[in-house]
Amino acid sequence: QTGARLSSSEVAPEQPLASLADDVRTGLLSRPRWLSPKYFYDDRGSALFEAICATPEYYPSRTEAALLEAHGQEIIEHAAPDHMLELGSGSSRKTRHLLDACDALDQSCQYWPFDVSAQMMLDAGAQLVADYDWLALHALIGDYTGGLTNVPLPEDGRRLIVFLGGTLGNFEPGEARAMLEQIAGLMRGDDQLLLGVDRVKDTATLEAAYDDAEGVTADFNRNVLRVLNRELEADFPVDDYRHRALFDRDKARIEMRLGAGHAHRVTLATLDTAIDIDAGEEIVTEFSHKFTPDTLAALLESAGLAMDRHFEAEGGAYSLVLARR
Ligand code: AVJ
């Protein structure tokens, strides 16, 4: 019955994770000032990200979904998973392409979504166990950037670790390698990693994807200041900040920034701190790294992983790879 097939548990980080207050103090007192992109995703930020995915300019989500739909069965045949662990599962919308493939291939695997939002996982999970009558789902509540050694996967069975959405791109190269090493630490034998990453392409297409004409991305970017105003009793003049997205080709990354329209002093009551922002001063809010086949292979290799399959969208717009240890 459904109850037996939907469960959840907390996953503790290996070390206590820095609090929002700690991260913000560190970032805002740095030069250039920066904020961690993980703080974008309060309810409003998550809804705005869904809206970004619906804009014509932001191709990554729909391009990855098309690859999952086209290659889902080949992926599941190759990985033949008994357990599917998904890092940053969100609403598991795209994972359904993999579950459909399991359904078609009679490959009943246990699904372990891992995300900070328990509510989203449990709401999605209830629908998933109703839609796939063979599915056992165990929701892991926590922050995967805190490490994976406390993930309670059973020792037996083949594992497919799923890391989609290009979210690896948010990490700087050293952190991306460390994250992949953590994932490799969970893999042995025939286990596989399914990784989705965005690809280097022309600047105009990339910058438009992060600065849509409708201004949804601008609103998403400014929203992190609303999170700080609420969580740290701060008084950022949110609407006075200008959104900017620029592609740094040398570092192969989109940088999103918020530029102050006027000089002003921001008080962050919870931090008992006030900072003076100059007119035009920018706060860096997100990196989104883009890969070529070579830089992707090199990154995987640096973590002890090797590509088994490489599914590319038309024109090399996006990459979905299967990798093994
Ligand atoms: C969810 C982190 C993959 O980097 O493309 C979308 C977030 N930022 N538009 C990305 C995002 C601006 C997205 N990731």
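The values are calculated or read from the model by the stated rules, or taken from the named source; none is laboratory data. Small disclaimer: the values here were computed from a predicted structure and weren't measured. Because the Cβ atoms are built from the backbone with ideal geometry, glycine has one as well, and the counts that use them run over all protein chains shown. Accessible surface is based on the protein model in full, side chains and every heavy atom, while ligands, DNA and RNA are left aside. Shrake-Rupley method; radii C 1.70, N 1.55, O 1.52, S 1.80 Å.
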#### Entry: Set LEU195, LEU137, LEU153: member being within 19 Å of HIS97 (Cβ to Cβ) and away from the ligand (no atom under 16 Å from the Cβ)
LEU137
### Query
From the list ASN229, ASN221, which one is within 11 Å of the ligand (Cβ to nearest atom) and either out of contact with any strand residue (DSSP E or B) (no Cβ under 6 Å at 6 or more places or on another chain) or under 26 Å from ARG25 (Cβ atoms) (or both)?
ASN221
#### Entry: Answer from LEU320, LEU268, LEU299 - the residue that is in contact with a strand residue (DSSP E or B) (Cβ under 6 Å, 6 or more places away or on another chain), away from the ligand (no atom under 15 Å from the Cβ), farther than 20 Å from ALA208 by Cβ and of a type outside the set (Gly, Ala, Ser)
LEU268
### Query
When region 165-178 is examined, which residues are found to be open to solvent by 10 Å² or more (accessible area, probe 1.4 Å), within 16 Å of the ligand (Cβ to nearest atom) and not polar (S, T, N, Q)?
GLY165, GLY166, PHE171, GLU172, PRO173, GLU175
### Query
Just checking, how many residues over region 50-99 are among the small types (Gly, Ala, Ser) and within 15 Å of the ligand (Cβ to nearest atom)?
9
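Out of region 62-99, which residues are open to solvent by less than 40 Å² (accessible area, probe 1.4 Å), of a type outside the set (Lys, Arg) and assigned to a loop (DSSP other than H, G, I, E, B)? It would help to see each step written out before you state the result.
At the first step, the residues of region 62-99 found to be open to solvent by less than 40 Å² (accessible area, probe 1.4 Å) are 63-65, 67-68, 72, 75-76, 79-81, 83-90, 92, 94-95, 98-99.
When the remaining residues are screened for being of a type outside the set (Lys, Arg), the result is 63-65, 67-68, 72, 75-76, 79-81, 83-90, 92, 95, 98-99.
If the condition is that a residue be open to solvent by less than 40 Å² (accessible area, probe 1.4 Å), of a type outside the set (Lys, Arg) and assigned to a loop (DSSP other than H, G, I, E, B), then ALA80, PRO81, GLY88, SER89, GLY90, SER92 are the ones that fit.
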#### Entry: Unique residue being free of Cβ contacts under 8 Å to residues at least 60 places away in the same chain, open to solvent by less than 10 Å² (accessible area, probe 1.4 Å), of a type outside the set (Ser, Thr, Tyr) and more than 21 Å from ASP22 (Cβ to Cβ) when the list is ALA260, ALA298
ALA260
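Hey, among the residues in region 34-61 that are assigned to a loop (DSSP other than H, G, I, E, B) and small (Gly, Ala, Ser), which one's most open to solvent (accessible area, probe 1.4 Å)?
Quick first cut of region 34-61, residues assigned to a loop (DSSP other than H, G, I, E, B) only: 35-36, 41-42, 54-59.
Narrowing further to those that are small (Gly, Ala, Ser): 36, 54.
Working: SER36: 26, ALA54: 79 Å².
It comes out as ALA54.
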